[in-house]
Structures are given as structure tokens and as C-alpha cells.
Amino acid sequence: MNSDEKEDCECAPPQAETSPAGGPEREYEEPEIENPEASRMKRAAAKHLIERYYHQLTEGCGNESCSNSWCASSVGFNRMDNNAAAVKALELYKVNAKLCDPHPSKKGTASAYLESGAHSNSACSNRKMNHKDVHSVRDNFKDVNYLTEEKVYEILDICGEKEDYSPLIRVIGRVFSSAEGLVQSFRRSKPHTKEELKSLQGKDEDKDEDEKEAAACSATAMEDDSPASSSSSRLGEGSSGENDVQKLAPDEVSVDIEAVRRVYGRLLSNEKIEAAFLNALVYLSPNVECDLTYHNVYSRDPNYLNLFVIVMENSNLHSPEYLEIALPQFCKAMSKLPLAAQAKLARLWSHYSAEQIRRMLETFQQLITYKVISNEFNSRNLVNDDDAVVAATKCLKIVYYANVLGGDLDMEHNEEEDEEPIPESSELTLQELLGEERRNKKGPRVDPLETELGIRTNDCRRPLIPFEEFVNEPLNEVLEMDKDYTFFKVETENKFSFMTCPFILNAVTKNLGLYYDNRIRMYSERRITVLYSLVQGQQLNPYLRLKVRRDHIIDDALVRLEMIAMENPADLKKQLYVEFEGEQGVDEGGVSKEFFQLVVEEIFNPDIGMFTYDERTKLFWFNPSSFENEGQYTLIGIVLGLAIYNNCILDVHFPMVVYRKLMGKKGTFRDLADANPVLYQSLKELLEYEGSVEEDMMITFQISQTDLFGNPLMYDLRENGDKIPVTNENRKDFVAQYAEYMLNKSVEKQFKAFRRGFHMVTNESPLKYLFRPEEIELLICGSRNLDFLALEETTEYDGGYNRDSRIIKEFWETLHSFGEEQKRLFLQFTTGTDRAPVGGLGKLKMIIAKNGPDTDRLPTSHTCFNVLLLPEYSSKEKLRERLLKAITYAKGFGML
């Protein structure tokens, strides 16, 4: 402390003296009997000095040319977090380290500290402050414990006049580092609040000058620059905050969000002020995390949510300086919010614009990406154990559901649940006896936040931001899916699974998680079958074995599956093993692929009449006038479920509405766009018609269809529909009921049977939890985009071949020259299916192995393992001729 500072503070405590080095000296020689008042004053002075050291370490003295190595304003000073600064301040206090002379903008603050330590009421009351002194105290704004838009602009104007923003920086640091101060800041104006403010203002005006001085001294003496430390004990004690919340809607908060945005807009352009927000957030976050974890503060004061609303409006949160410490700590605090608070945030943010949602999305995504690429995650150092990545993902979930809520929702059109529950396995009792109680007996997993909000992802027809933008590819690349799946199934509190936030995973990663789930279920069924056979003394088959004749594949397969579905549906969850009668092929996956391919070709043959085929859209739809019974459709559903369960791709062409219906949503008018585009366009023109619908079109609420034989069938959308004309007033209802009939009512029996068969296989799978309808289509049908360049990049070689071998170069030149149909035949020949897997051909691990020297033999393949056995033909022409003949006439399996 220098002499000038002493002059500014006549009430300085006698315990604080100035050492020759510029540091404060403390007298340890005390009388044996110490006056309690003197002891209190000593503690206050010590506290004051430690606080000065702390502020010097965190904010600096304000002098840009400062040479004190322990001052944040000095050149080369290494910034430290608040906890480290607090420890260092105590160390500096003990060794009488140098304290900087305050910058002119901070000199008044130092004086206020000394006045509070002195507690010399007589000196304060006897000395009249002149106008300059009063103005100096006001410039420091020590009495500002929370902010309003007007107060910020007032301080900003005063600082602008002096060209010194230090007072504003200190106020921001004080308020934004205090949970209590931030919760009270930027409140929306309410009538009772205005009256209270007028009352308080009236009382202040009644005070004379002496009372104002005494009040200023008292306020300064009680001021604490770290109110956040005691926020948990003070928040929620008053009833006014609770009363405010009771008057708010579920998607409202007491913060004036627009005012917050305007304030940020004016302040963030100043680098020094921006640094104050950063430092305050570092100090605030651990205290908030403690409040939420141990003090249950939100239940006592729901206005506590204001804090997160205000901080998230900071448009610079995604900038690099926040990514290291401030944002990770804030995410950890935010992830501790109770479910009700998360739901309220999601509802609030759902009213934001797509641009504002995207800003928050990018903030959390950048933190996740930054942490992923700056660390080396592997099977020993799991990304699941990184607190920052986990916390940011949990915060991103709130933004995700805000995106869903703010999108185009369809909450009404839901499919009815099956009247008869899916039969449980007959081995359930044995499983319980063996300690293998079946998981998810009450149905598939549901996200708690989804339940709290009362929505499902599938309720959203079009979100504010495309779902694909929530996928984080760097995270998917380092995620150890086998470990993550284990955490998903065990559901422990100390291990986080990213499968609980499927929106952040791409289809390939989710498909891998589904694969693990299916395989483990297969192994479980196999183990239970073996134990069951030991108990019962019967020899049971641990596989779902199907022996079929190639010429009677539908009769053999569907009859066998029907018997299994009736006797014990749990057998459908065993691993599929197919054998073609009279053929030697052993099913390691390839035989099953061909089995599914043949079954699909037969079932969807228009001559059978179970499905209709639209030449324009190349899509199949359920035949409403089919002669087949419901059991046949149930078996088709089983086949689709088995294909997913056994990781096989089918050449099935359904409109997207089928997959939406499988996920529990009915078809609506907009689904006609791809299911029946001609009808969709006609109905759309009807809705947009500007003339008189009744007079010009002369249509009624009776519609007609044709059966298999071309005969017209009439159907009334309303009772006596042929007598009800469609008018401009009721045309929306006509269109809605027309779509309801075409997509739901007309095929109700067929689809319910189909869905029931599908759920027989997938009812205990996380399929519905992990995937959206468009991803279900990708699982069943694979990718329609065949990128053979990607396949070339990932193909491996064996038996003496390598990427630079002559025959290999000629092979790829030949394959790339093939037409689309020939390329599909090659895929069918090599892998057992002509579709690309989820993620494209780059995810297909094909192997080309040498099969001897030049010969007239054709190439062969192991479809189970995606292996092509290729002889080393002498010329490119011979290679092309042999390969085309092999892929064109390939049919059946043999032993090589």
C-alpha cells in the first residue's frame, strides 16, 4: 500500500502497515488479554488483504505495464483458475508479498476495503463526504449485487466517459461469479416488483446525507466479493422467487431473455470485458455444481434455472478460450440439473429460432470434438470416462429435445398397441431360477427426459435442425462400442453409455451396438437351451434351424416359422441356421443371405397378391383385398425381424410410412407424397383450389377403389358419404380421412399381423430406442448408393496378391467398367446380397485371395466371409469373360 492509498482511506486498520518492500506487515506481538473487538478487526484486515491478493491474481491491478510477477496485469503472467488463485493468495499473504498500487479505477475499491476493515463508525459519521468522494464510491458500484439492463448501460456510460472499464469488469466478475447474483439478474418486470422498487426508492430519498454516509459505510463493511460461496445457504430462503415461478408457464422463466441478448451484444465486443465473463464462469461453475449435487437448490428455488439461461446466451461460449476450463466445468454443472429442470430448459429453448438452437448445438459439439481430438482415446483410455465429453453430451440432449419440441410435431396419429401381448418365452421360469432373469420385461427402454416431456422423437416430422447435425463423427470414431454396450446394459451410475444418447451416434455405430445386443441374446438363448435340455433330459436344438427345398422355399420356411411362432416364440431369437436340401453349403452367414433373398423375391411377387407394386414409384404396398390370411403377413413380419436380428440385408422396397408405422405412428396426408404421389398431388391441388370446390369438382365423401380383378369398391369416409358434398369448408377433413383410409384403415388387418410378426423377433431389442424410421429402412434394405471406389480402398488381399499385383489392377479396371446391373450381380456373387451395408460399401470387408495359376476355372466365393477366390488369369480379356460368366450364372452352394 502506498502513501496515496493511505490518504484515501482515513479509516485504515492499524494492523495493516506498509513494509519497505511495499508489502503489508502484520504485528504478531499482541497483549495477553486481547479485546474481542480488536481481534475481530484483525481478522477482517487479514481477510481484506487475502482478498486483495486474490483479486490481484485473478483480475490484476489494471495497469498494463505492471512489473509485479504476481499480478494478472503483468506481462507474461500465467493465468490460473480460481481455486489455485485462492491457495496462492494465502501463500502470498503469509510471506508479505508485494501488493500492486491500484490503478485509478480500482483505488476507490481498495479504499472501500480498508474502510470496511477499520470499522471506525465515529470517523465515518463525523466526516462529511464531499461530492467527489460520493461519486468515487458510486463509480466502484460496490452495492451492485445483481444486474439489470439499465444498470449495465449506466455503468457502461460512466466507464466510457472515463475511458476506463475496470469498474464494469469488477461488477461483471462479482455478479457473474455469484449464483445468487446471477439468479436475481435480468428479471422480467412484474407489477409487484415495481412497487417494491418504488418503495425502496422512496425510503432512500427520505434519508439525509449523514444516513446515506452511514449506510454506505455499513454496506461496504458487509460487502463480500465472493457471494457465490454462500449462495447455497441463501438461495431459496425467500418466498418471492417461488411466487414468481408459480405464475410462470412450464416453458417460461423469470429472465428477460431479450434484455440479456442486448447486453451481451454490447459487452462482448470489448476483449477485457469478455475476459471477465470467462473468469467469472470458471469461478461460478464449481459452486453451481455443488449446489445442485448436494443442496437440492432447484427444488427450493426454481428461479435457479435463470443462471443457465443467462450463461447459455453468451455467443462466445464456443470460442477456444472457453473450451479448456470454463465450458467443461459449466457443462458438468449443467448436467447435474434434475430432470424437471432439464425438461423446462428444453421447453424454453424449443421456442428459440433454428439459428439460436444451432449456436447451442455447435457450442457443445465443439467441446466434444475438441476433447476427442486433443486426447488419445482407446480401449484402455475410454472416451466414456472423460467427464467433459460426457457432460457436454448430456447437455446436448437437452438441446436435442428442444429441437424436437420446436419442430413440426404430430402427437395425435399413433398406432394402437397390439391387443394380445407378445408371448413370453417358456424358459422364463428357468431363467429366473438360474439367475438369468430377462431384462426389459416391461418393454423397451425409454429415455427419462422423453417421458418427462411427454414426446417421442418419432413424433417430430421435421425438426428445427436436421437430426444429422447432432451426430459427432470424431466421437463415433474413438468410441469402443463393445464397452459402451456393456455400460448400456448394466446401467450403472458411474459408467456412462453413449447409447443412452443415440442422437449423437451415426447409423454404423448404432448398428454395431444392435449387433452386440443380438449376438449376446443369441448366446444367451443357446446357453439357456443347453441348461434346459439338461434339466428336462431332452435334446433341444440351440439354433433356429430351417431346412428348406429351393423349389418350395415359401412353403417350407413359412410353415416351419409358423410352428415356431405358435409353440415357442423365444426360439425366433436363436441364431438362424439355414440348410438347402441336397446342397452341401454350411451356413456361416452366406446361406442365410441367399435364403432371405429368395424368400423376399417370392413373397413380393405381384402374382401372389399379398402386395401391390407401383411401377412409377417402384414401391410395394399391402394389398387391401388380398385373399391371404393374417398369419401369412405375420410370417412376413417375422422374416423382416429375422433379417435385422441376423444382420442380413433384404431387397425390400416399402415407402417410408411402413417404417413409421412399425415405430408406432400412423400414416397421414403428407406420407402419401412417397407412398402414392399421384393421389397426393391430386389432394394437394384440392386443398389449394381457389374456386368453389362443391360446384366445380362435384365430389362427395364416398371414394372408390379397384380389387385384384379390377372391380370398383366403394367406401364412405363418413356415414352416408355419397350424400355429403366436399366443400371449401370441409375439404381439409376430406383429405385427412382419405389419407387415413388409404394408409391405415384399408390395410389395418394386414399391417397389424405384419407388425406383430416383426415384434416377435425385435420386442426386446433396443431397435426402437436407437433408430429413427429412416434408419430402420437403412438397416433392412442397406444403402442404395454403391460406391465401388470405397470398396476398392477397403479390400484386403491374401494368398500372394497385393494392391500392386497385375491381376488385381486388371480386376478393378474390369469391375469399374461394368454397368449398374453387372455390379449388383458381382456383389450378389461375392457377399450374398446386392445391397451395400449400413455405411456404404466402404464398411464391407471384402478379401480377394489367390486361387492358383492361370486356368479355365471360374472364380468362386465364400459369401459367408465376403471372400472372392480369383485365379491368376493370363490376360485382362480372359479375366473379364470368366468373371462375367461366374456372376451371371451363379446359383446354389457346394463344398470346395
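The values are calculated or read from the model by the stated rules, or taken from the named source; none is laboratory data. Here the structure is a predicted model, which is why all the values come from computation and not from measurement. Methodologically, a virtual Cβ is constructed for each residue, glycine included, from the backbone with ideal geometry; neighbour enumeration extends over all protein chains shown. Please note that ligands, DNA and RNA were not included when accessible areas were found on the heavy atoms of the full protein model with its side chains. Shrake-Rupley method; radii C 1.70, N 1.55, O 1.52, S 1.80 Å.
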Given (1) touching a residue at least 40 places away in the same chain (Cβ under 8 Å); (2) open to solvent by 30 Å² or more (accessible area, probe 1.4 Å); (3) under 18 Å from D387 (Cα atoms), V508 misses just (3)
Cβ pairs under 7 Å, 6+ apart or interchain, first in region 577-602 and modelled with pLDDT of 80 or more and outside any helix (DSSP H, G or I), second open to solvent by less than 10 Å² (accessible area, probe 1.4 Å) and among the hydroxyl-bearing types (S, T, Y), ordered by first then second residue, are V578/S592
If you go through S269, S285, S319, the only one that is hydroxyl-bearing (S, T, Y) and touching a Lys or Arg at 6+ places or on another chain (Cβ under 9 Å) is S285
Out of all the residues in region 671-692, is one or more part of a loop (DSSP other than H, G, I, E, B) and either outside the structural domain of V599 (by the TED database) or under 28 Å from the mean Cα position of the chain (by Cα) (or both)? no
So, first residue in the same structural domain as L396 (by the TED database) and under 12 Å from C395 (Cα atoms) in region 353-365, second residue charged (D, E, K, R) and part of a helix (DSSP H, G or I), Cβ within less than 8 Å, six or more apart or across chains; the pairs are L361/E469
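Residue-wise test of (1) modelled with pLDDT under 90; (2) crowded, with 17+ Cβ neighbours inside 10 Å.
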site: K823; (1), (2): yes, yes
site: T831; (1), (2): yes, yes
site: A836; (1), (2): yes, yes
site: K843; (1), (2): yes, no
site: I848; (1), (2): no, yes
* To do: Assess whether R824 counts as being within 44 Å of the chain's Cα centre (by Cα) and assigned to a loop (DSSP other than H, G, I, E, B).
  => no
Kindly check whether there is at least one residue in region 434-449 that is modelled with pLDDT of 95 or more and touching a Lys or Arg at 6+ places or on another chain (Cβ under 6 Å).
-> no
Those residues of region 472-522 that are under 16 Å from the mean Cα position of the chain (by Cα), assigned by the TED database to the domain that holds I368 and over 21 Å from L449 (Cβ atoms) come to a total of 4
Exactly one of L858, L879, L883 is farther than 24 Å from L650 by Cβ, part of a loop (DSSP other than H, G, I, E, B) and hydrophobic (A, V, I, L, M, F, W, C), and that one is L858
Subset of region 86-101, residues open to solvent by 20 Å² or more (accessible area, probe 1.4 Å) and in contact with a strand residue (DSSP E or B) (Cβ under 7 Å, 6 or more places away or on another chain), comes to N96
Log entry, pairs with first residue in region 656-676 being free of Cβ contacts under 8 Å to residues at least 24 places away in the same chain, second being open to solvent by 10 Å² or more (accessible area, probe 1.4 Å) and not hydrophobic (A, V, I, L, M, F, W, C), beta carbons closer than 7 Å, six or more apart or on different chains, reads A673/Y680
Would a scan of region 721-728 turn up a residue that is open to solvent by less than 30 Å² (accessible area, probe 1.4 Å), of a type in the set (G, A, S), in the same structural domain as Q632 (by the TED database) and under 44 Å from the mean Cα position of the chain (by Cα)?
no
With the first residue restricted to region 799-817 and required to be surrounded by 12 or more Cβ atoms within 10 Å (Cβ to Cβ), and the second required to be assigned to a loop (DSSP other than H, G, I, E, B), Cβ contacts under 8 Å at 6 or more apart or on different chains are G799/N851; I807/Y801; I807/E872; I807/Y873; I808/Y801; I808/N802
Of the residues in region 646-663, those that are open to solvent by less than 10 Å² (accessible area, probe 1.4 Å), more than 15 Å from Y613 (Cα to Cα) and either out of contact with any Lys or Arg (no Cβ under 7 Å at 6 or more places or on another chain) or of a type in the set (D, E, K, R) (or both) number 4
Going through region 664-682 in order, the residues found to be among the hydrophobic types (A, V, I, L, M, F, W, C) and open to solvent by 10 Å² or more (accessible area, probe 1.4 Å) are F669, A673, A675, V678, L679
Subset of region 330-353, residues of a type in the set (S, T, N, Q) and farther than 17 Å from L453 by Cβ, comes to S335, S353
